[in-house]
Amino acid sequence: MKRFKKTDFEISVILIIVCTAFAFLKGGASFFIGYVVVGAWQLISMLVHYYNDWFCEKGGKRRNYQTTVIVALSSAIAGLIVSPIMLIVAVVLLFAAPVMAVYYTWICYEETYIKMRRPLDLLK
């Protein structure tokens, strides 16, 4: 588990940095590529955590984040049926998605490097 979590955190950081640099260098609507790449990786990571029941306790940060993502995805699916909803969801996610990506990376960092520390490491 610890190896996966470290790799997950490192890949998230690398993807955010690379996709942000790509968006600034390329310009235009190329930032949407970063939204898809980072979002897909973090969605896969979230599913792995959910199915392995890693840090998914009720009321925890990860569980609250997962609920937020489920609401966002459900709203987007509802937007496919009712187009005004899709416009609202798209505008909200345009600004919220980068913040959510950084927050998810922070959750991964906190779980990997703070919560999973051995008890004797805390004495230093």
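Values in this text are rule-based calculations from the coordinates and carry no lab data. A quick note: this is a predicted structure, and the numbers were derived from the prediction, not measured. Virtual Cβ from ideal backbone geometry, glycine too; neighbours counted across all protein chains shown.
Over every pair of different alpha-carbon atoms in region 16-89, take the mean of 1/r and invert it; report that Kirkwood radius in Å.
14.2
With the convex hull drawn over the C-alpha atoms of the chain, the volume per residue is 120 Å³.
By the equivalent-ellipsoid construction on the alpha carbon gyration tensor, region 53-109 comes out with semi-axes of 25, 14, 6 Å, ordered largest to smallest. Dipole magnitude for the chain: computed about the Cα centre from +1 point charges on Lys and Arg Cβ and -1 point charges on Asp and Glu Cβ, it is near 380 debye. The fewest-to-most ranking of V102, V36 by surrounding Cβ atoms within 10 Å reads V36, V102. Counting only alpha carbon atoms, the long axis of helix 61-81 and the longest principal axis of the chain meet at about 20°. Among the GluC sites (Glu not before Pro) in region 27-124, those placed in a DSSP loop whose Cβ has at most 10 other Cβ atoms within 10 Å are E57. Between the Cα long axis of helix 83-109 and the first principal axis of the chain there is an angle of about 20°, rounded to the nearest 10. Once both axes come from the Cα atoms, what is the angle between helix 2-26 and the longest principal axis of the chain, in degrees from 0 to 90, rounded to 10? Its long axis makes an angle of about 40 degrees.
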